Amino acid sequence: MVLASASVSHLPPGTSKWNKIEHRLFSHIRMNWRGKPLIDHETIVSLIGATTTTAGVRVRAELDRACYPKGIKIADAEINDLPLDRDDLHPQRNYTLRPQA
């Protein structure tokens, strides 16, 4: 098994709907699937993944079919023990989670 790190960047609360990158990308996705019946998840993911922009941005999309349990509570102590490397820019919102041995 390969252990990989995961880098996370959270947008500040309330800003996602005004994120210019999201809006620029979503308009291309909408144009790509316009007029096509969105009949199942595979069709939607395929159309999203086939999206490109004239600036050369390519979209990667995959369907996550995993089932995730609801209502799991994690204690603050467990969160504080996670091996996080916080970024210099907005460390409360940008960090990398390192694998544990």
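When the residues of the range 49-73 are narrowed to those that are out of contact with any strand residue (DSSP E or B) (no Cβ under 6 Å at 6 or more places or on another chain) and surrounded by 10 or more Cβ atoms within 10 Å (Cβ to Cβ), which ends up farthest from His23 (Cα to Cα)? The extreme case among them is Leu63.
Evaluating Gly14 against the criteria (1) at pLDDT below 80; (2) exposed (fewer than 10 other Cβ atoms within 10 Å of the Cβ); (3) not in a loop (DSSP other than H, G, I, E, B); (4) not basic (Lys, Arg) leaves one unmet condition, (3).
Restricting the range 49-93 to residues that are β-branched (Val, Ile, Thr) and touching a helix residue (DSSP H, G or I) at 6+ places or on another chain (Cβ under 8 Å) leaves a set whose member that is nearest to Ile29 (Cα to Cα) is Thr51. Against the numbered list (1) part of a helix (DSSP H, G or I); (2) at pLDDT 90 or above, Arg65 comes up short only at (1). The selection criterion, being touching a strand residue (DSSP E or B) at 6+ places or on another chain (Cβ under 7 Å) and surrounded by 13 or more Cβ atoms within 10 Å (Cβ to Cβ), holds for Leu97. Across the range 74-94, the qualifying residues are those that are loosely packed, with under 10 Cβ neighbours inside 10 Å and part of a loop (DSSP other than H, G, I, E, B), and the one among them that is nearest to the chain's Cα centre (by Cα) is Gln92.
Name the one entry in Ser27, Ser46 that is hydroxyl-bearing (Ser, Thr, Tyr), surrounded by 10 or more Cβ atoms within 10 Å (Cβ to Cβ), at pLDDT 85 or above and farther than 24 Å from His90 by Cβ. Quick ask: steps written out before the conclusion?
Details: Ser27 fails: at pLDDT 85 or above.
Matching residue, one of Ser27, Ser46: Ser46.
The values are calculated or read from the model by the stated rules, or taken from the named source; none is laboratory data. What you are looking at is a predicted structure, and each value in this text was computed from that prediction instead of being measured. With ideal geometry, Cβ positions are generated from the backbone for all residues, glycine too; neighbour counts draw on all protein chains shown.
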